[in-house]
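Shown next, in structure tokens, is the structure this report addresses.
The values are calculated or read from the model by the stated rules, or taken from the named source; none is laboratory data. Quick caveat: nothing in here was measured; it's all calculated off a predicted structure. Glycine gets a Cβ as well: all are built from the backbone with ideal geometry, and neighbour counts include every protein chain shown. SASA here: full protein model, heavy atoms, side chains in, ligands and nucleic acids out. Shrake-Rupley method; radii C 1.70, N 1.55, O 1.52, S 1.80 Å.
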Amino acid sequence: MPLHKGPDKPDERPLSVNPFYGEADPVGGMTEAPPKHRLPTSPLPPSTAYQVVHDELMLDGNSRLNLATFVTTWMEPQAGVLMGECRDKNMIDKDEYPRTAELERRCVAMLADLWNAPDPSAAVGCSTTGSSEACMLAGMALKRRWAQRNADRYPGARPNLVMGVNVQVCWEKFCNFWEVEARLVPMEGERFHLDPQAAAELCDENTIGVVGILGSTFDGSYEPIADLCAALDALQERTGLDIPVHVDGASGAMVAPFLDEDLVWDFRLPRVASINTSGHKYGLVYPGVGWALWRDKEALPEELVFRVNYLGGDMPTFALNFSRPGAQVVAQYYTFLRLGREGYRAVQQSTRDVARGVAARVEALGDFRLLTRGDELPVFAFTTAPDVQAFDVFDVSRRLRERGWLVPAYTFPANREDLSVLRVVCRNGFSTDLADLFVDDLGSLLPELRRQPHPSTDNKGAATGFHH
């Protein structure tokens, strides 16, 4: 039998483990509520910490009943598993995670083909955290191209960007942050988005570009991109001004290619320099992922692209942020692979069918007037009928919230501030059954609303819901 003796030196040292593995006081977890605005002194058991957070989040609205958001609220379980497997991968570490980077590259190539780039292999693009970042990048490229062409006058001359007053707020942010004058085409009558001729008339030698929206967030309508390009073609013939177009296809760029194939809005139009979309909207991926694509390398100035020797690899990047998870990009590739063109067509057609069906049933109630019918984006806007005096759209929105439905009510911008509407966004997961429940709940509220002596909203500005 071998003989053993004790160590020559006492083996005394602190135990080195992850603090999460240390034992926490379970009694403290049950008897003392943790502070809300400073770090607790002591740890909690993981089950206690989970329950505290879980219970508070129960007071959030049900995302599936949120008819205000364009953002995806349902994916298949397999997509969730993939996202869980990739949430620890840093998207920016392309040398460390080369396969994730390859899936991003494939997504860009698929979108270039989907949007009819003249040479998909020559198109350049990147993933972003969403359409807001993608719009910022597109705007930066427009401004830099303009500055290069007007080096003799810039920075003395102030650049401007032309767009409809209905644009998403990210474009206002871009103009503010990058010191660009925002020239807005107002709404007029029953036209709730940009007018091509009016946009062309706002352009001059300092215009960096014109933004066209493929799917206005105000009412779901497509802006006439082809007509816009034609108006700018005519402007160039008259004045020599060559004004590029950026298509903000946050939602419509993932709807029109499948349901409106004859609609010409994309890179088939030579004046379209760049397009963005939200993968986390009708791209059918959980937030947050967006995509920005440029027609070719000439549309994206090389000086905006950073080439970083990071983790041993040469990494070209064009982004406003740096580290972010690769999970959403992987989920986008999964969805492209899972559905293909026919699958996307079926999903988007189903969503549009639901939107048109709900719009027709809302109109049939008799108390409302439709502005749009869900036949472009699967989105429709409606207001109260002219003879309705007892309630307004803000009353309807508030009462629907009592049933769990989040339906935004808001006032339109300049030139149509007299118009207040409700908007319903139909997404994948808002099924026919849920649509039936929504219309039933809306109809059941009307008898009581009709008995009101007058609308109960005193301050429409305070009541206006977030409509983007």
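Shape of region 375-458 from the C-alpha gyration tensor: oblate (a/c of 1.5 or more and a/b not above b/c, with a ≥ b ≥ c the square roots of its eigenvalues).
Please give the peptides 277-286, 192-201, 418-427 ranked by average Cβ packing (other Cβ atoms within 10 Å per residue), highest first, as a rough proxy for protection.
Final packing ranking: 277-286, 418-427, 192-201.
Carbon and sulfur: what percent of the chain's accessible surface (1.4 Å probe)? Here it works out to 53 percent.
Here are some pairs, 143/297; 173/281; 143/281; which of them have Cα atoms lying more than 23 Å apart in this structure? Over 23 Å apart, Cα to Cα: 143/281. Pairwise inverse Cα distances across region 234-379, averaged and inverted, put the Kirkwood hydrodynamic radius at 18.3 Å. Only helices enter this figure: runs of n ≥ 4 DSSP H residues, each worth -39500 (n - 2.57), summed and divided by the residues of the chain, yield -11500 deg cm²/dmol at 222 nm to the nearest 500.
Compared with the rule-of-thumb size 2.2 N^0.38 Å for a compact globular protein, the chain has a Cα radius of gyration ratio of 1.16.
Note that the chain presents 50 Å² accessible area per residue, ligands and nucleic acids not counted, probe 1.4 Å.
Ranked by the mean number of other Cβ atoms within 10 Å per residue, highest first, peptides 210-218, 117-125 order as 210-218, 117-125.
Apply 1/(1 + (r/R0)^6) to the Cβ-Cβ distance of residue 38 and residue 202, taking R0 = 56 Å, and write down the FRET efficiency to the nearest 0.05.
Approximately 0.60, to the nearest 0.05.
Its Kirkwood hydrodynamic radius, worked out from the mean inverse distance over all distinct Cα pairs, puts region 107-184 at 14.2 Å. Relative contact order of region 197-280: 31 percent, from C-alpha pairs under 8 Å at least 6 residues apart in sequence. Note on the chain: with charges restricted to the Cβ of Lys and Arg (+1) and Asp and Glu (-1), its dipole about the Cα centre is near 500 debye. Ordering of 353-360, 73-80 by packing is 353-360, 73-80, highest average first (other Cβ atoms within 10 Å, averaged per residue). With contacts taken as Cα pairs under 8 Å and at least 6 residues apart, the chain reaches a relative contact order of 19 percent. When you filter the trypsin sites (Lys or Arg not before Pro) in region 76-144 for DSSP loop state and at most 14 other Cβ atoms inside 10 Å of their Cβ, you are left with 87. Partner aspartates and glutamates whose Cα lies under 18 Å from the Cα of residue 36, excluding those fewer than 8 positions away in the same chain, are identified as 55, 56, 60. Residues whose amide H falls under 5 Å from that of residue 209, counting only those 5 or more places apart or on a different chain, are 162, with hydrogens built in the peptide plane.
As a length-normalised measure over Cα pairs under 8 Å and 6 or more apart, the relative contact order of region 200-357 settles at 17 percent.
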